[in-house]
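Comments concern the structure below.
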Amino acid sequence: MVRFFRLMICFVCVCLALSPLGAFAAPLEEGAPMTLTAPSAILLEADTGAVIFEKNADEQRPVASVTKLMTLLLVLEKLDEGSVTLEDKITVSPAAAGQPGSQAFLDAYAVYPLKDILKATIIASANDGAVALAEYIAGTEDGFVSLMNGKAQEMRLENTHYVNCTGLPADGQYTCARDVAAISREVVKHPTYFTYSSTWLDSLTHPSGRTTDLTNTNRLVRFYKDCDGLKTGSTNEAKYCLSATAERNGMRLIAVVLGVPNSQTRFDEARAMMDYGFSNYNRVQVAKTGDLVGVQVPVKLGAREQVDAALGSGLSLLLKNGQQKELSFETHLPEYLNAPVAEGEPLGTVQVLLSGKPIAELPAVAAQSVRLPGLLEGFFRMLENWR
């Protein structure tokens with residue numbers, strides 16, 4: 001029964017440690033600290049998922065080619081799992097080659113390596129490239145769109161529904177700033193993405209020998225320090241949209257602006273949002289796995305009389321400048337344990353407080369093993385206790 005109780009403590013602690021409590025579920029700031037013309041926007045830190053501020057982040061909107069972030073995510077996942085490779089050969093269908101809007105001018109029936117089509121889709125937002133990738137992965141674009149919607153459900157994106165893989169105008173296709181940010185968080189976990197997204201100018205050599213110049217649609221890659229992705233989009237319906245990311249001093253920010261009336265404004269507002277985040281926030285390693293918490297728990301009938309409590313997992317938080325001094329810790333441990341105790345065995349919890357308010361809980365575990373004493377050792381221990 002005691003073992004079962006300890007295992008249940010471990011399960012609960014691990015679940016709690018995976019995500020901070022309510023203080024960071026909501027945005028860290030009420031409203032945007034700057035004037036934004038974007039009808040919908042959100043700024044967050046990629047690793048922790050902490051939202052710094054938002055504006056109408058759940059409002060359903062068309063986002064044009066920003067839709068391709070989900071298309072790219074599915075391709076990147078297939079690459080990581082090994083079901084496709086960058087060297088795979090893709091035969092471009094007439095349907096793919098005939099896509100309107102932004103193109104890499106792929107030749108129908110020509111065979112391209114997957115990496116070239118992926119490059120064109122990421123850098124130049126090529127609609128023909130997106131459909132070629134979709135058809136290669138799922139057989140048809142419709143089949144791929146089913147995968148996109150399945151992934152959206154898996155990620156619990158409640159305000160997202162796809163009709164095509166390109167973002168071209170279509171009835172019933174929509175998403176929101178919060179969901180775009182969530183997809184962006186997943187995309188930046190794939191190093192292959194940055195091989196292409198951080199490139200400003202490149203070219204695509206077609207099997208026929210002709211070349212197409214590729215210019216990154218995300219101007220911030222060239223004109224904003226440390227920006228290395230993500231995706232632009234624009235149609236008459238969606239207006240101008242952008243999800244942008246930059247990493248600085250070990251902290252990656254994602255800024256999403258949707259529905260801006262002109263192109264340059266989306267870049268200006270995303271830049272201002274990230275400037276604010278980098279200037280006012282830091283990602284702080286609050287605790288590391290194995291750190292001693294400074295408390296020992298008595299052990300009855302063991303070869304040792306007490307065991308050190310240590311943290312069973314680490315924790316990083318996004319904190320505003322100066323907030324780190326407002327952090328404190330509160331331990332919740334049993335009065336004693338009965339031997340034997342295994343190293344790493346759950347003991348209780350350590351609550352993380354910010355200005356006295358709980359924001360996270362971490363599991364506390366035994367830093368050492370405590371065995372049962374040997375026969376002779378136990379006899380003398382019993383005599384000592386008897387006195």
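Just so it is clear, none of the values below were taken in a lab; they were calculated from the coordinates. Every value quoted in this text rests on a predicted model; they were computed, and no experiment measured them. A quick note on method: Cβ atoms are made from the backbone with ideal geometry, for glycine too, and the neighbour counts reach across all protein chains shown.
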Enumerate the aspartates and glutamates that Lys357 could reach by cross-link, defined here as Cα to Cα under 17 Å, with residues fewer than 8 away along the same chain left out. Glu29, Glu326, Glu330
Residue-count net charge about Ala170 - beta-carbon cut-off 15 Å; Lys, Arg +1, Asp, Glu -1: -2
Tell me the relative contact order for the chain as a rounded percent, counting alpha carbon contacts under 8 Å between residues six or more apart. 17
Dividing the Cα convex hull volume of region 75-150 by residue count, how many Å³ per residue is that? 82
Contact order relative to length of region 230-338, as percent, for alpha carbon pairs under 8 angstrom and 6 or more apart: 20
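What is the fewest-to-most order of Thr265, Thr67 by other Cβ atoms lying within 10 Å of their Cβ? Numbers along the way, then the final one.
On the way: Thr265 17, Thr67 30.
The most exposed by this proxy come first: Thr265, Thr67.
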Charge sum, other residues only, whose C-beta stays under 12 Å from Leu319's C-beta, Lys/Arg counted +1 and Asp/Glu -1: +1
List the lysines whose Cα sits under 21 Å from the Cα of Lys300, skipping any in the same chain fewer than 8 residues away. none
Top of Val111, Val295, Val256 by mean-square fluctuation, Gaussian network on the chain, Cα under 10 Å: Val295
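Determine the alpha carbon to alpha carbon distance for each of Lys89/Lys151; Lys151/Lys239; Lys68/Lys239 and list only those over 22 Å. Don't skip to the end; give the middle numbers.
Working: Lys89/Lys151 25 Å; Lys151/Lys239 26 Å; Lys68/Lys239 16 Å.
Too far apart for the 22 Å limit: Lys89/Lys151; Lys151/Lys239.
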Hey, could you grab the Kirkwood Rh for region 118-181? Inverse mean 1/r over distinct alpha carbon pairs, Å, one decimal. 12.3
If you work out Cα extents along the principal axes in Å from the coordinates, which of (1) 76, 58, 37; (2) 93, 46, 34; (3) 78, 65, 42 do you get? (2)
Could you work out which residue, out of Thr232, Thr175, Thr212, moves most in a Gaussian network model of the chain, that is, has the largest mean-square fluctuation with Cα springs under 10 Å? Thr212
Listed peptides 270-281, 85-96, 179-190, 118-129 by packing density, highest first (mean Cβ within 10 Å): 118-129, 179-190, 270-281, 85-96
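Scan region 94-159 for chymotrypsin sites (Phe, Trp or Tyr not before Pro) in coil per DSSP, keeping those whose Cβ has at most 12 other Cβ atoms within 10 Å, and list them by number.
The qualifying sites are Tyr109.
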Span from the region 267-298 Cα centroid across to the region 94-122 one, whole angstrom: 41
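Mind giving me the FRET efficiency for Gln324 and Gln60? R0 is 41 Å, r the Cβ-Cβ distance, nearest 0.05 is fine.
Numbers: r = 38 Å, r/R0 = 0.92.
So the FRET efficiency works out to roughly 0.65.
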Lys/Arg +1, Asp/Glu -1 at C-beta; the chain dipole; positive extreme among Leu242, Leu86, Leu354: Leu354
P(r) of region 265-364 over all Cα-Cα pairs, binned every 5 Å from zero, in whole percent: 3, 12, 18, 16, 13, 10, 8, 7, 4, 3, 2, 2, 1, 0
